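Beneath this line is the structure, given in structure tokens, with notes to follow.
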Amino acid sequence: MLPIVEQSRLILSKSIESKQKSSLGQYFTPATIAHFMADLFLKREPGTCYLLDAGAGIGSLSAAFLDRWTSGGLNFDSVKLDAFEIDQSLHPFLHQALEQFQQVAHFTPVIRGTDFIRAAANWIAGNLFAEALPKYTHAILNPPYKKIRSNSIHRTVLRQAGIGTVNLYSAFLALSILLLEEQGELVAIVPRSFCNGPYYRSFRDIIFERTAIRQIHLFASRTKAFKDDDVLQENIIIHLLRGGRQGKVIISTSTDDGFDDLTLRKHPFERIVFPDDPERFIHIPTSSGRTALESYSKIHYSLSDLGIQVSTGPVVDFRLKKHLRKMPVADAVPLIYPVHFNGNRAKWPNDSIKKPNAICHNRETEKWLFPKGFYCVVRRFSSKEEKRRVIANVIDPSEFGNAPLLGFENHLNVFHDNKHGLPQALAVGLSAFLNSTPVDEHFRRFNGHTQVNATDLRTIRYPNHATLILLGKWALEQTSLTQEMIDRKLEVLAS
Ligand SMILES: C[S@@+](CC[C@H](N)C(=O)[O-])C[C@H]1O[C@@H](n2cnc3c(N)ncnc32)[C@H](O)[C@@H]1O
């Protein structure tokens, strides 16, 4: 029965204008993924299933769920579906996808053209005029992805429902969790970005406090899950059980929506959320064992153990525009951007880049500047083509002229000692460590996108001071450094 939906999907994913696609997040789930998601629900006692499909689109997910039910895979007596879809122009497709199931089973669909966020948040907040919603036994969703603006009505209604989150997808998921009955199940395909990062901390808490994570599926290729729509997000499928007891978590992987190379492995919850991690990042281990980084006996120090801090580069260029200069002038100091680095060395000033090379030193800018010294910097954004996510460089003051201060632009993370430089060997050792393969491999377990935040760098464990200095001294003695050399030396020093 799914082919009708699949045909609509293939036609619509080409015909919907890209502007509408991104404003309403209209990326429809391919049939193979929808089936995989529907198959994750547990087989239960007969009874009535109250199914929620929030942001139902053309009904791909509901149809896959109903397909499984009508072919005997789920033994409910009847299914009542609430399909929320704000775009009325999709309702005929949605209706078409659902009506066939009414002919063969006790199935009651309700298509709701209302805004799911407003409807659900008003109901949860107990607003007098809220549309009444049932307690759902099941929720299946592929929500829209879009930042929620801080002055938007969505932000206001979500706050009333006790949810503070930054993206439509996490809002859809949080609301759906709250609408589930105890022991209710949710399966969703969502971007991986909520697994780490400070902005999603309170959303992660909703997951941990209200649900048990049963399974996470990771698509190894970020380009392939939504290949008809050119979606470049790294997506995961998550299966949650409301009020469930947290046991081992199944981590499954496949390259793409073909699921030909599906792997499944159970991991203790402590391997997914580390007990000593105050940020409660969600790690997705893709192999059974510990990462090389975790297995090195000498790598278990936090940055605060080392007495080092890491911050986002404080110079936000568009806010300080009038103080920026293309090339150095009197009373200006170097302003350092990621483009100043090509490989290991910095090229400053560089007149062939579009960015400014200097920032005036005055009363307004002073608080954003650091004294000249050795620092380790890590780019906040790497490109998809780059082999590593974590890319570190050393700031060597001799490469930045005679000015007494330095400006670090916001696209860099800076390691410092209370806003001062680090000993040279420590900065070099830190940079070599961060550029090692074990760090990159470890990092990919909790960070699925190309952004590296200061919080991410704070959660990594480091070798102690002495080991970093040894690594730094060794690196300074080498005329050139290859990946292999760094990895081998780290293994010798840290294991
Ligand atoms: C990513 S698509 C997924 C559609 C469908 N669930 C699927 O898997 O193919 C998200 C859908 O949510 C709808 N949508 C966006 N914002 C909404 C809102 N506030 N309330 C209800 N639906 C919304 C969009 O029109 C879009 O069809």
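What does the extension gain come out to for Lys298 and Phe269, with contour length at 0.36 nm per residue minus their alpha carbon separation? Display every interim value, and only then the final one.
On the way: separation 29, 0.36 × 29 = 10.44 nm, distance 2.40 nm.
So the chain would gain 8.0 nm between Lys298 and Phe269.
Net charge around Ile336, counting only other residues with Cβ within less than 14 Å of its Cβ (Lys, Arg = +1; Asp, Glu = -1)?
On the way: positive: Arg325, Arg345, Lys347, Lys355, Lys372, Arg379, Arg380; negative: Asp317, Asp396, Glu399, Glu409.
It works out to a net charge of +3.
Once phi is turned into θ = phi - 60°, what whole-Hz ³J(HN,Hα) does the Karplus curve with 6.51, -1.76 and 1.60 give for every residue of segment 106-115, x standing for Gly and Pro?
So the Karplus estimates, Gly and Pro as x, are 7, 10, 10, x, 10, 8, 10, x, 7, 6 Hz.
With labels modelled as points extended 7 Å from the Cα through the Cβ direction, what inter-label distance (nm, one decimal) is found for Glu491 paired with Gln96?
Computed distance between label sites Glu491 and Gln96 equals 5.8 nm.
Pulled fully out, how much extra length does the chain show between Glu364 and His465, if you take 0.36 nm times their separation in residues and subtract their Cα-Cα distance? Write out the running numbers ahead of the final one.
On the way: separation 101, 0.36 × 101 = 36.36 nm, distance 3.54 nm.
Full-extension gain reported as 32.8 nm.
Would you mind getting me the FRET efficiency between Thr482 and Asp396? Use the beta-carbon distance for r and R0 = 22 Å, nearest 0.05.
On the way: r = 20 Å, r/R0 = 0.90.
Using R0 = 22 Å, I get an efficiency of 0.65.
Given H placed 1.01 Å from N in the peptide plane, which residues other than close sequence neighbours of Gly162 have an amide H under 5 Å from its amide H?
none
If you line up the Cα atoms of segment 303-494 on their principal axes, what length do they span on each, largest first, in Å?
Here the spans come out as 48, 32, 31 Å, largest first.
For segment 150-157, just list the computed ³J(HN,Hα) in residue order, Karplus coefficients 6.51, -1.76 and 1.60, θ = phi - 60°, integers in Hz, with x standing in for Gly and Pro.
So the J values, rounded to whole Hz, are 5, 9, 8, 5, 4, 4, 5, 5.
In whole Hz, what ³J(HN,Hα) sequence does segment 464-476 give by Karplus (6.51, -1.76, 1.60; θ = phi - 60°), x for Gly and Pro?
Per residue, the Karplus-derived 3J(HN,Hα) values read 6, 3, 4, 5, 5, 5, 4, 4, x, 5, 4, 4, 5 Hz.
Search the structure for amide H atoms under 5 Å from the amide H of Tyr375, placed 1.01 Å from N in the peptide plane, and list their residues when 5 or more places away or on another chain.
Close amide H contacts, sequence-distant or interchain: Ile395, Leu422.
Would you mind giving the average projected area, over all directions, of the Cα convex hull of the chain in nm² with one decimal?
Projected area, direction-averaged: 25.3 nm².
From the alpha carbon gyration tensor of segment 2-289, can you work out the equivalent ellipsoid semi-axes (sqrt of 5 times each eigenvalue) and give them in Å, largest to smallest?
Details: eigenvalues 131, 102, 85 Å².
They are 26, 23, 21 Å, listed from largest to smallest.
Calculate, for Ser78 and Lys321, the FRET efficiency according to 1/(1 + (r/R0)^6) with r their C-beta to C-beta distance and R0 51 Å; round to the nearest 0.05.
On the way: r = 62 Å, r/R0 = 1.23.
Computed FRET efficiency for Ser78 and Lys321 comes out at 0.25.
Grab the Cα-Cα distance for Ala130 and His106, subtract it from 0.36 nm times how many residues apart they are, and report the gain in nm with one decimal. Intermediate results must be reported in sequence, preceding the final value.
Values: separation 24, 0.36 × 24 = 8.64 nm, distance 2.76 nm.
Going from the current span to full extension adds 5.9 nm.
Whose amide H sits under 5 Å from the amide H of Glu234, counting only residues 5 or more places off or on another chain, with H placed in the peptide plane?
Counting only residues 5 or more places away or on other chains, the set is Arg192.
What's the FRET efficiency of Lys43 with Val329 using the Cβ-Cβ distance as r and R₀ = 56 Å, to the nearest 0.05?
Efficiency, from the Cβ-Cβ distance: 0.20.
Coordinate-derived values only; no laboratory data. Only a predicted model underlies this, so the values are computations on that prediction, with no experimental measurement involved. Ideal geometry is used to build each Cβ from the backbone, glycine not excepted, and the neighbour counts take in all protein chains shown.
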